[in-house]
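Okay, so here's the structure we're looking at.
Just so it is clear, none of the values below were taken in a lab; they were calculated from the coordinates. Values in this document were obtained by computation on a predicted structure and should not be read as measured data. We place every Cβ from the backbone using ideal geometry, glycine too, and count neighbours over all the protein chains shown.
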Amino acid sequence: MKTTDLERYVSPLSPDTTPIPEEHLQFQTIGPLRFLSGIYHDPKNKECLAVEATNAGDASVRAFVFTESFFDSATGARLRRVATKKLETHGNSTHYLLPGGTWLCDTRKFSYSSDGSLANYTITLDFVVFADGSTYGPKQSRESDEVLGMLRGIDAQSNPSLHTHQPPN
């Protein structure tokens, strides 16, 4: 399959290569998605946050954006926020996230609290684009706007006749 430039900027579909959560599992349903998250140990035995998202709704999902925010467990202060953009990058609707289907996301290194323990974290769903073009979520992050631009680019590449000027007959 051809690699696209978009794959450098998003988490492309890679269910066979992305680690799944192993320890301290948390389940959370936000709108149409159910998240399973937890600790995964990378090959160097460093703790990472692993997340998988399952379509808990009735409509196919084309793309979504969520954030992982890490907080100091002693003070409650936010240490960092990381956005994850997940979408089908080739314009192939048969690869969308079907109802009941799961996409695995790239792992993120855990942040540490001031006392040296693993930080607490939250997952927030910002934006979902369904196969029919409808959306869900507050769409507050710039990453959500980036995903919309990427989808427009994919659509233009997949169907160039939609974006070429046709002279009248």
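Data for the structure
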read-out	value
Qualifying lysines (Cα of each under 28 Å from Cα of K109; at least 8 residues distant if same chain)	K44, K46, K85, K86, K139
Extension gain (nm, one decimal) between A74 and Y112, 0.36 nm per residue minus Cα-Cα	12.6 nm
Projected label distance in nm at N92 and A156, using a 7 Å step from Cα toward the beta-carbon	2.4 nm
Segment A56-A131, extension gain: residue separation times 0.36 nm, minus the distance between their alpha carbons	25.5 nm
